[in-house]
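Student: Here's a structure for you.
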Amino acid sequence: MVIGGGIAGLWSAALLARRGYQVLLIDRGPLGGGQTVASQGILHGGIKYTLGGAATAAAKAIADMPGRWHAAMTSASSADLDLSAVRSLSPAQYLWTTGSLFSRVTARVAATAIRTAVRRVEPAQACEGLHRATGIDIHRVDEPVIEPRSLIAALCDIIVQAGGVISQGEPRVKTELNLRTVELNDATVSFSTVVLAAGNGNQQLLDQIAPAQPTPAMQRRPLHMVMVRSTTGAPLPALYGHCIAALSDKPRLTITTQTDASERTAWYVGGNIAETGVDRSPADQIAAARREVAVCLPWLDLTAAQWATLRIDRAEGCTPGGEGQRPDQPVMIPVHSLESSALAVWPTKLVFAPLVGDRVVEWVTKNCVPASGNAGAGGLDALRGRWPLPPIAALPWDREETQWT
Ligand SMILES: Cc1cc2nc3c(=O)[nH]c(=O)nc-3n(C[C@H](O)[C@H](O)[C@H](O)COP(=O)(O)OP(=O)(O)OC[C@H]3O[C@@H](n4cnc5c(N)ncnc54)[C@H](O)[C@@H]3O)c2cc1C
């Protein structure tokens, strides 16, 4: 059983179903509706983590990931999953500076510190939003940006085609001696192993099934993201990348571009502004973002654009270093007193999904007890086709609750 239909749960369930396991994936809401659909979709190869001047542990851990995604998205024979249906928004992202000497130095350090191909380009060779830039350095980084909803749809297809079941509902997990069951909607299903991949919901599940788990197992890092959309007659140019701050490991702005349900261009803005803007009201955050955009992209006129914000928490596993430290890699914790039957997973980043998948498969292979009688496989057969496939969550800029100004 997999609880949580974000990237960690879907990727793990797809791999397990393809390996012949009877997989039931449950999400309490629409699929991807936690962090996954709200992510910026950047398949980082580590460039962001070198901005402080050194190749950090995070940069090294992440360096293999883009190659594995590339294999999956091009259906290479080495790929674990065929993700050729995932939509690529941009094959690359760009680092640009604000023109100060320090920013230029930072870009140069970043360019030499990691394995990802980085090369200096002229504004006209960069994405559209940088075409009119003058007097700044721009570097192209071969780190693609993907559309998260198409990723979720592709993973669902793989799970269902391999015989897995995906369901929406509030699971009530019971673990008593050797009997492990989940009550879901109108059914009770027994299971051998459970992967807790519920992001922000993992702590509540841990409290439910293993109250003695040493706490806290997870931490939340709040963000206050900004969205910008074009209005009629004033289209936003496509932008993918980071505006680099002076000798800092955090970009001032990280911007990705999508189209909304009405075919308007929408920017999704994160980076340092999203971290430092947590205590600001939406109006103050928009004002701060307008000022940052004016400094980082002075050649653009956004007076006609509409703005909104999104508050969202990153959910991460606690690292051995203690609460508050940012993990460099996925955090995976066998659940206290249920070590061989429950694993809690926080991928830390979307891009780490292949690594999460490896570790989940390894753990399940070691611990999953084949189903006996009618409790396991038979139960799942009976569920197939019983519930509709849950919907995929809307993108933040398409949500009814988003308030534009
Ligand atoms: C604003 C933002 C931007 C990001 N940008 C990037 C990026 O560009 N690149 C990158 O690599 N990473 C990025 N990340 C990180 C990445 O999005 C996350 O690490 C990843 O999506 C986490 O996936 P997950 O499957 O663990 O959790 P989630 O995507 O949060 O999924 C958890 C699911 O569990 C469900 N759930 C919760 N509780 C329960 C319950 N009790 N029962 C059943 N279901 C439950 C939820 O409904 C949800 O669907 C970003 C994160 C944020 C917040």
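Student: Where nothing but the Cβ of Lys and Arg (+1) and of Asp and Glu (-1) is charged, how large is the charge dipole of the chain around its Cα centre, in debye to the nearest 20? Mind dumping the intermediate values first?
Tutor: Details: 36 positive and 35 negative charges, 142 e Å.
It comes to approximately 680 debye.
Student: Note the count of lysine pairs whose C-alpha atoms are less than 24 angstrom apart in the chain, limited to pairs 8 or more residues apart or on different chains.
Tutor: 7
Student: List the Cys residues of the chain that have no partner Cys with a C-beta closer than 4.7 Å.
Tutor: Among the cysteines of the chain, those whose Cβ sits 4.7 Å or more from every other are C127, C156, C318, C368.
Student: Once you've got the GNM for the chain with C-alpha springs shorter than 10 Å, pick whichever of V141, V295, V23 has the biggest mean-square fluctuation.
Tutor: For the chain, modelled as a Gaussian network with Cα springs under 10 Å, the answer is V295.
Student: Starting from the Cα of A246, step 7 Å along the direction of its Cβ; do the same at V369; then give the gap between the two resulting points in nm.
Tutor: 6.3 nm
Student: Estimate the FRET efficiency between R120 and T74 by the formula 1/(1 + (r/R0)^6), using the beta-carbon distance for r and 35 Å for R0, to the nearest 0.05. Please report the intermediate quantities before stating the final value.
Tutor: Numbers: r = 27 Å, r/R0 = 0.77.
Working from the Cβ atoms, E equals 0.85.
Student: Normalising by the residue count of the chain, find the relative contact order in percent from Cα pairs under 8 Å and 6+ residues apart. Don't skip to the end; give the middle numbers.
Tutor: Numbers: 881 pairs, mean separation 94.8, N = 405.
Averaging sequence separation for qualifying contacts and normalising by length gives 23 percent for the chain.
Student: If you line up the long axis of helix 101-113 against the longest principal axis of the chain, both from Cα atoms, how many degrees apart are they, to the nearest 10?
Tutor: 40 degrees
Student: Same structure again: Using mean Cβ contacts within 10 Å as the protection proxy, how do 305-311, 31-37, 280-286 order, highest first? Let's see the in-between values first.
Tutor: Values: 305-311: 20.0, 31-37: 25.1, 280-286: 16.3.
Final packing ranking: 31-37, 305-311, 280-286.
Student: Can you give the extra length, in nm with one decimal, that the chain gains between R264 and D142 once fully stretched, where that is 0.36 nm per residue apart less the Cα-Cα distance?
Tutor: On the way: separation 122, 0.36 × 122 = 43.92 nm, distance 2.61 nm.
Going from the current span to full extension adds 41.3 nm.
Student: With Cβ to Cβ distances under 14 Å as the rule, what net charge do the other residues near P30 carry (K, R +1; D, E -1)? Walk me through the intermediate numbers first.
Tutor: Numbers: positive: R28, R149, R399; negative: D27, E170, D398, E400, E401.
Result for the local shell: -2.
Student: Using θ = phi - 60° and the Karplus form 6.51 cos²θ - 1.76 cosθ + 1.60, what ³J(HN,Hα) does each residue of segment 92-97 get, whole Hz, x for Gly and Pro?
Tutor: 8, 10, 10, 9, 9, 10
Student: Would you kindly derive the ³J(HN,Hα) couplings of segment 296-307 from the backbone phi angles with the Karplus curve 6.51 cos²θ - 1.76 cosθ + 1.60 (θ = phi - 60°), listing them in order in whole Hz, with x for Gly and Pro?
Tutor: 7, 9, x, 7, 9, 10, 10, 4, 8, 6, 10, 10
Student: Can you sort T319, T97 by how many other beta carbons sit within 10 Å, fewest first?
Tutor: Numbers: T319 16, T97 25.
In order of increasing Cβ crowding within 10 Å: T319, T97.
Student: Can you compute the helix-only [θ] at 222 nm over the chain? Use -39500 (n - 2.57) per DSSP H run of at least 4 residues, normalise by all residues, nearest 500 deg cm²/dmol. Could you put the intermediate results ahead of the total?
Tutor: Values: 10 runs with 104 residues, N = 405.
Helix contribution divided over all residues of the chain: -7500 deg cm²/dmol.
Student: Separate question: Apply the Karplus curve 6.51 cos²θ - 1.76 cosθ + 1.60, θ = phi - 60°, to the phi angles in segment 275-284 and return the couplings in whole Hz, x for Gly and Pro.
Tutor: Result, rounded to whole Hz: 7, 7, x, 4, 8, 7, 5, x, 5, 5.
Student: Also, quick follow-up: Taking the number of other C-beta atoms within 10 Å as the exposure measure, put E275, E401 in order starting with the fewest.
Tutor: Working: E275 14, E401 8.
Result, fewest neighbours first: E401, E275.
Student: Same structure, new question: Based on the Cα coordinates of the chain, what is the per residue volume of their convex hull in Å³?
Tutor: Values: hull volume 55.5 nm³, N = 405.
Dividing the Cα hull volume of the chain by its residue count gives 137 Å³.
Student: Using a 7 Å offset from the Cα along the Cα-to-Cβ direction at both T232 and R87, what is the distance between the two label points in nm, to one decimal?
Tutor: 2.4 nm
Read the figures in this text as sums done on the coordinates, not as results from a lab. This structure is a prediction, so every number in the text was calculated from the model and none was measured. No Cβ is skipped: glycine too gets one built from the backbone with ideal geometry, and neighbour counts run over all protein chains shown.
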